[in-house]
Amino acid sequence: MIQTCLFPAAGYGTRFLPATKSLPKEMLPILTKPLIHYGVDEALEAGMKHMAFVTGRGKRALEDYFDTSYELEHQILGTNKEHLLKDIRNLMNSCKFSFTRQREMKGLGDAINKGRVLTGDEAFGVVLADDLCINESGDGVMTQMLHIYEKYRSSIVAVMEVDRKDTDKYGIVEGRYIEDDLMIVSNMVEKPNPDEAKSNLAIIGRYILTPNIFTHLDNTTPGKNGEIQITDALLKQAKDGIVLAYKFKGKRFDCGSIDGFVEATKYFYEKLKDGNK
Ligand code: G1P
């Protein structure tokens with residue numbers, strides 16, 4: 001139903017310096033798989049087969065990851081290590097990949113707008129790979145959102161409740177519930193101070209966007225931190241029509257922070273150990 005998933009991946013990942021000096025933050029591994037791989041898995045589960053990346057300088061490792069490594073393949077062919085490439089081979093055979101670059105860091109909204117050459121004028125998913133999402137009891141978050149899209153055909157943001165003190169790390173939404181976990185957005189603000197935030201419902205890095213978001217992005221001027229914010233463009237879309245906020249089922253690890261990264265590592269390690277019992 002939706003073909004393309006866009007992965008904005010141009011950011012520096014300064015919280016992980018010096019590791020991210022020469023390694024894209026999306027390539028940091030949780031156990032043996034880089035963060036980006038988890039994101040692509042989630043999009044693929046939702047039936048999206050075109051993985052579109054907006055990268056920047058120093059991010060070539062992302063392209064290499066989704067390309068054949070002839071030397072490596074040759075070296076391990078027929079050895080007992082060959083199975084280690086099974087996952088990534090399957091993934092590479094299941095979808096196509098395209099890349100474009102954001103030349104200047106002008107914010108998430110600008111990065112998404114740069115992705116237009118890859119998405120075309122069709123609805124598309126967006127995954128921010130440093131938000132790693134899992135749902136042990138059923139569909140992944142992007143699949144859950146796709147089901148909502150099938151019904152409402154509007155832009156959707158995934159949200160979760162956060163501590164009040166943390167509102168200044170997220171886009172914060174207000175709205176009116178139309179189903180148990182689904183609301184029509186009436187307002188959204190990028191990273192408000194806790195004393196100004198109107199709710200504690202925070203956007204996490206999963207979006208489905210309808211193509212007229214690009215018109216709104218074209219007309220969005222720099223906002224919070226002098227950057228073009230997707231939150232501001234979505235608010236225009238919400239005022240113009242409908243944007244939905246969906247309280248997803250599952251768990252999200254903030255792998256853009258050391259705490260979240262370690263938490264995710266522990267979680268997957270415990271799962272691995274359980275699986276090997
Ligand atoms: C971005 C968005 C923000 C959203 C967050 C989710 O912020 O601008 O609205 O809540 O992702 O992770 P960033 O974390 O890139 O600063």
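The values are calculated or read from the model by the stated rules, or taken from the named source; none is laboratory data. None of these values were measured; they are calculated from a predicted model. Methodologically, a virtual Cβ is constructed for each residue, glycine included, from the backbone with ideal geometry; neighbour enumeration extends over all protein chains shown.
Okay, here's what the table says:
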| read-out | value |
| --- | --- |
| Complete set of residues in the range 53-75 that are among the hydrophobic types (A, V, I, L, M, F, W, C) and modelled with pLDDT of 90 or more | F53, V54, A61, L62, F66 |
| Selection within the range 74-95 - part of a helix (DSSP H, G or I) and farther than 27 Å from V54 by Cα | H74, Q75, I76, E82, H83, L84 |
| Hits in the range 181-206 (condition: more than 13 Å from the ligand (Cβ to nearest atom) and in contact (Cβ under 8 Å) with a residue 60 or more places away in the chain) | D181, L182, M183, I184 |
| Residue selected from the range 150-172 under the condition within 15 Å of the ligand (Cβ to nearest atom) and under 14 Å from I184 (Cβ atoms), by the criterion nearest to the chain's Cα centre (by Cα) | V157 |
| Close pairs from the range 252-266: first over 14 Å from I134 (Cβ atoms) and within 14 Å of the ligand (Cβ to nearest atom), partner among the acidic types (D, E) and not in a strand (DSSP E or B), Cβ under 7 Å, at least 6 apart | G256/D130 |
| Qualifying residues in the range 175-199 (those that are charged (D, E, K, R) and within 21 Å of D131 (Cβ to Cβ)) - the one surrounded by the most Cβ atoms within 10 Å (Cβ to Cβ) | E190 |
| Selection count, the range 212-230, where residues are within 11 Å of the ligand (Cβ to nearest atom) and surrounded by 15 or more Cβ atoms within 10 Å (Cβ to Cβ) | 6 |
| Residue among I134, I156 that is crowded, with 20+ Cβ neighbours inside 10 Å, on the phi < 0 side of the Ramachandran plot, touching a residue at least 60 places away in the same chain (Cβ under 8 Å) and not polar (S, T, N, Q) | I156 |
| Residue among K106, K81, K86 that is surrounded by fewer than 18 Cβ atoms within 10 Å (Cβ to Cβ) and within 16 Å of the ligand (Cβ to nearest atom) | K106 |
| In the range 1-39, the residues that are buried (at least 24 other Cβ atoms within 10 Å of the Cβ) and free of Cβ contacts under 8 Å to residues at least 60 places away in the same chain | P24 |
| Leading residue by the ranking (nearest to the ligand (Cβ to nearest atom)) among those in the range 241-251 that are under 19 Å from E174 (Cβ atoms) and in contact with a Ser or Thr (Cβ under 9 Å, 6 or more places away or on another chain) | V243 |
| Scope the range 80-132; condition touching a strand residue (DSSP E or B) at 6+ places or on another chain (Cβ under 9 Å) and among the small types (G, A, S); matching residues | S98, A111, G115, G120, A123, G125, A129 |
| Residue match in the range 208-219 (condition: part of a strand (DSSP E or B) and closer than 13 Å to V243 by Cα) | yes |
| Matching residues, the range 1-56, being hydrophobic (A, V, I, L, M, F, W, C), part of a loop (DSSP other than H, G, I, E, B) and closer than 18 Å to N93 by Cα | A46, M48 |
| Criterion (under 21 Å from G11 (Cβ atoms), in contact (Cβ under 8 Å) with a residue 40 or more places away in the chain and away from the ligand (no atom under 16 Å from the Cβ)) met by exactly one of L209, L118 | L118 |
